[in-house]
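Read-outs throughout are calculated quantities, based only on the coordinates presented, and are distinct from any laboratory measurement. Keep in mind that this is a model prediction, so the values were computed, not measured. Glycine gets a Cβ as well: all are built from the backbone with ideal geometry, and neighbour counts include every protein chain shown.
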Amino acid sequence: MDLFSLKGKVAVVTGACGLLGVQHCHALAEAGAQVVVADLNEAACNNLAAALGPQHLAVVMDVTSPASLENAKNSILERYGRIDVLVNNAAINDMFENPLLAKEQSMFENYPLEQWNRSWNVNVSGMFLCSQVMGTAMVQQGSGSIINISSTYGVVAPDQSIYRNAAGEQTFYKSPAYPVTKAAVLGFTRYLAAYWGNKNVRVNALSPGGVENSQDDHFIQNYAAKTLLGKMASAADYKGAVVFLASNASAYMTGANLVVDGGWTAI
Ligand SMILES: NC(=O)c1ccc[n+]([C@@H]2O[C@H](COP(=O)([O-])OP(=O)(O)OC[C@H]3O[C@@H](n4cnc5c(N)ncnc54)[C@H](O)[C@@H]3O)[C@@H](O)[C@H]2O)c1
């Protein structure tokens with residue numbers, strides 16, 4: 001199992017305190033890495049890092065801010081002297097605050113430019129900036145693995161019919177921003193893998209499927225029926241994939257997209 005070991009490696013996870021980020025942190029820590037818990041909320045970062053153990057570090061980081069990223073990088077290098085793994089996980093899956101307006105506002109014809117820009121800023125520009133700042137440290141040390149989190153919807157378009165309620169009414173439409181930004185993650189992954197291939201910095205994407213997280217039963221059934229395994233994912237279902245991409249187990253893999261979606265995109 002040495003191939004999967006991350007002993008002595010420093011792994012940065014952005015959006016670390018969200019539903020999947022927490023699991024990525026646990027997975028990397030269990031494989032032996034020193035984990036940098038990076039997110040917007042200081043208390044949440046501190047709590048998660050403390051739960052992981054004293055060898056891990058909490059860092060407040062806004063992936064859309066170059067100054068915040070530089071500060072974070074300096075803190076990480078000061079503490080550990082290196083960065084081996086970066087999981088670009090922070091993203092906005094845009095929701096409409098007012099459910100009564102959700103259907104109208106989420107229609108493509110009405111979808112607000114401001115909301116499109118907000119998603120683009122975090123999901124794409126944030127990944128770009130974070131890779132630039134953290135990845136440059138990897139290039140300088142001569143090795144690294146970057147994992148960009150995409151989605152099933154980076155690979156295929158949303159099936160809007162799963163957002164109909166039991167009465168067959170469309171309650172909202174999946175926005176254009178999420179699938180387009182997640183597709184951009186795949187393009188960026190290929191770009192950077194090609195650019196840094198000769199620097200021994202590997203860049204891959206992980207495309208998870210939807211995670212069951214207290215959605216209503218009808219939606220869960222609709223979603224499950226789209227997958228070959230007949231169910232939504234659990235948040236822990238991506239732990240193995242993250243460790244695989246971070247570790248030497250995937251040493252000859254770069255520019256690829258690891259799809260872990262219960263088979264949704266296979267048919
Ligand atoms: N949950 C799913 O079903 C699912 C499915 C496929 C892909 N994904 C992808 O997995 C990743 C994590 O999703 P999640 O469900 O855990 O989301 P989440 O909303 O639970 O967590 C996202 C985290 O990102 C952080 N964040 C937002 N903007 C930030 C910024 N500017 N700087 C730093 N951090 C910021 C938030 O504070 C939050 O903790 C995302 O890239 C998402 O697109 C999720």
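Structural remarks
- Exposed loop sites are taken as GluC sites (Glu not before Pro) in a DSSP loop (any state but H, G, I, E or B) with at most 16 other beta carbon atoms within 10 Å; the longest stretch of the chain without one runs 1-96.
- Amide H contacts under 5 Å for A90: T14, G15, restricted to partners 5 or more places along the chain or on a different chain, H placed in the peptide plane at 1.01 Å from N.
- Order by protection proxy (mean Cβ within 10 Å, highest first), peptides 162-168, 139-145: 139-145, 162-168
- Share antiparallel - DSSP beta bridges, the chain, percent rounded to 5: 5
- Arranged from fewest to most other beta-carbon atoms within 10 Å of their beta carbon, M107, M138 become M107, M138.
- Sorted by Cβ neighbour density within 10 Å, fewest at the top, the residues H218, H26: H218, H26
- Between F108 and M1, the FRET efficiency estimated from the beta carbon spacing at R0 = 35 angstrom works out to 0.15.
- Entries in K199/K226; K182/K239; K199/K239 that, when Cα-Cα distance is taken, lie over 30 Å: K199/K226
- The range 1-58 versus the range 126-197: alpha-carbon centroid distance in Å: 21
- Residues D159, D39, arranged from fewest to most other Cβ atoms within 10 angstrom of their Cβ, appear as D159, D39.
- Karplus-derived 3J(HN,Hα) values for the range 38-46, using 6.51 cos²θ - 1.76 cosθ + 1.60 with θ = phi - 60°, are 10, 7, 7, 9, 4, 4, 5, 5, 4 Hz; glycine and proline are entered as x.
- Along principal axes, Cα extents of the range 1-142, largest first, whole Å: 51, 30, 29
- Convex hull (Cα only) mean projected area of the chain, reported in nm² to one decimal: 14.3
- Taking all Cα pairs closer than 8 Å and separated by 6 or more residues, the relative contact order of the range 128-263 comes to 31 percent.
- Couplings for the range 4-9, taken from phi via the Karplus curve 6.51 cos²θ - 1.76 cosθ + 1.60 with θ = phi - 60°, read 8, 6, 10, 4, x, 9 Hz in order; Gly and Pro are left as x.
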